[in-house]
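What follows is one structure encoded as structure tokens, with my remarks underneath.
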Amino acid sequence: MKLIELTAGTDIEYVDFKSSKYTNDNNLDITGITSDSREVQPGYLFVCIKGTKVDGHHFIEDAVRAGATAILVEKSADLDMTSIMMNRADNDVPIFLGSKNTRRALAFLWDSWYGHPAKNMKIVAVTGTNGKTSVTFMLRAIFRAAMYKTGLIGTVVCYSDERRLNIRSSDETANMTTPDPKELYKMLSIMASEGVEVVLLEATSHALALDKLAPLHFAAAVFTNLTPDHLDFHGTMENYLEAKKKLFSMCDIAIINGDDAYSVGIAEAAEKGGCGNIRLCTCDDRKRVDYSAVNILNLGAYGIEYMLSSVCSVFKVKSNIPGRFTVINTLQASACALEMGISVQNVQDALCHMGGIDGRFERVKLCSGANFSVFIDYAHTPDALGNLLLTVRDFRKVGQRIVLLFGCGGDRDKSKRSVMGNIASTLADFVIVTSDNSRSEDPSDIIADIMSGFDFTRAHAVVIENRAEAIDYAIKNALKDDIILLAGKGHEEYEINREGRHPFSEKNIAMESANKYYYFR
């Protein structure tokens, strides 16, 4: 691709280091883009990014030696060009380009490289601490019921209509999240080529803060909630909120959880950003907003139902997915779809017939001899864990124990650990504290942080560091009618420790343990 085509519409400018005759050569061919100097090949554009651990500007010489044709630097970078220019012929020296923010510029470069793939698709982004996956899956069911070819880019899986797409991360110790621009715009390109009309995207705070989504404009954006999480990255809740706000300056429709304390700030950001259609949702009968869930009926393990009330329509919503959080999730998915022109009938039918979501309060199928229940859920924040436990408390019968197994991730926000320990001891009957993607940390240190908040006057607890052994212990010692909750990993099929990522399926471990102890009963 020609350099002039690649940089069109960006803030990228030429930087004259008096380096070569190629300065301002708009017709220069670029054969590839990378921000990793180890990937540079002849003809590549090398983008220097200041990371949290490594500064790409330190690898310019390596990129030049590998044959980079152009180098994009941050304008504020303090560069010593002497060694790069020394003893080189003019045609060996690349063009230098500058940008105020090379990380943001990289997203625009990949968008250009793939021909601005989102330009003819409607993109809907869902952001918030909890509920992103559930809402995107609900929207997928609704749009597919309305006969739209629908793509999904999420934490659990990515789809181009019915076809599953593989997602890769440059960091194998990272959880699946909004893809890096190199993968994201490639996926959108694939979807565009396959006729996808609507794309549903989980927009994480990291992706927003790092401008991965900067080239996109969204037909709609949904804000689910904001509770303490990722503070190891953002530092403060104010910074966390500011990252979320970015999305609402980039959308035409804003669907906001009016029951969340941060909804006012999100609505203000949407209005300031020029969003012309701001809609609030509530599950509180006392509030009068755009979309309300009234006459809520909790059906326990069989789901929920309520009447959706808005200025335009009133109709029943029923979902087979249990949990009080399902009410606000279905309400926001319904509101978003209706605002985008989907019929009431399609919304009702899709939500009523939708099954569960992998790793979201997912029931594990055990052998017939097991007279207890096991559920897997992704709850890994204080708010999510509390909601999970309250959901189960709502439908458990007299005498049923809630047995909670959970841990906290390593190299992540430490402040939530003791809080989650306290929530566990307050809302569960028996707690098994274990590891959960300890990464570079010692699992015992993480467990100690959790236990510092545990209230032993409220619940019993046991510590079993090895998660597989902890699951086996929970199954082996289950009492009749126990409700065992395996919280934190959800859909994940791996465990991360100091040695790296290893295959790990909670579902398989639970089923194997049940077969071992109960198959012949």
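Table for the structure above
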quantity: Cβ crowding within 10 Å averaged over residues, with 380-391, 444-455, 477-488 ranked highest first; calculated: 380-391, 477-488, 444-455
quantity: Within the chain, helix-based [θ] at 222 nm, where runs of 4 or more DSSP H residues each add -39,500 (n - 2.57), nearest 500; calculated: -9500 deg cm²/dmol
quantity: Tilt relative to the chain, helix 344-353 - C-alpha long axis, 0 to 90 degrees, to 10; calculated: 70 degrees
quantity: Over 18 Å (Cα to Cα) - which of Lys397/Lys480; Lys365/Lys397; Lys132/Lys245 fall in this group; calculated: Lys365/Lys397
quantity: Residues Thr102, Thr227, sorted so that the one with the fewest Cβ neighbours within 10 Å comes first; calculated: Thr227, Thr102
quantity: On Cα atoms only, tilt of 382-395 relative to the major axis of the chain in degrees; calculated: 30 degrees
quantity: Angle between the chain longest axis and helix 263-272 axis [Cα atoms, degrees, rounded to 10]; calculated: 30 degrees
quantity: Cα gyration tensor category, rounded, prolate or oblate, for the stretch 362-518 with a/c compared to 1.5; calculated: oblate
quantity: Under Karplus coefficients 6.51, -1.76 and 1.60, residue-wise ³J(HN,Hα) of the stretch 492-502 in Hz, glycine/proline x; calculated: 4, 10, 7, 10, 10, 9, 4, 7, x, 9, 10
quantity: Centre separation in Å (Cα based) which lies between the stretch 413-428 and the stretch 468-521; calculated: 21 Å
quantity: Distance violations [Cα-Cα > 22 Å] among Lys476/Lys507; Lys272/Lys416; Lys119/Lys186; Lys287/Lys416; Lys50/Lys100; calculated: Lys272/Lys416; Lys287/Lys416
quantity: Net charge dipole size for the chain [Lys, Arg +1 and Asp, Glu -1 on Cβ; Debye, nearest 20]; calculated: 1400 debye
quantity: Whole-Hz ³J(HN,Hα) from phi, Karplus 6.51 cos²θ - 1.76 cosθ + 1.60, for the stretch 503-512, glycine and proline x; calculated: x, 7, 10, 4, 4, 5, 4, 5, 5, 5
quantity: Ascending count of other beta-carbon atoms within 10 Å, so fewest first, for Val40, Val199; calculated: Val40, Val199
quantity: In the stretch 260-322, the trypsin sites (Lys or Arg not before Pro) that fall in loop regions by DSSP, at most 14 other Cβ within 10 Å; calculated: Arg286, Lys287, Arg288
quantity: Of all DSSP beta bridges in the stretch 362-518, antiparallel share, percent nearest 5; calculated: 25 percent
quantity: Packing-based exposure ordering (other Cβ within 10 Å, fewest first) of Met147, Met511; calculated: Met147, Met511
quantity: Extension reserve of the Val462-His217 stretch, reckoned as 0.36 nm per residue once the Cα distance is removed; calculated: 83.3 nm
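Laboratory data are not the source of any read-out in this text; all were calculated from the coordinates shown. Predicted, not measured: the structure shown is a model, and the values here were computed from it. Every residue, glycine as well, gets a Cβ built from its backbone with ideal geometry; the counts of neighbours run over all protein chains shown.
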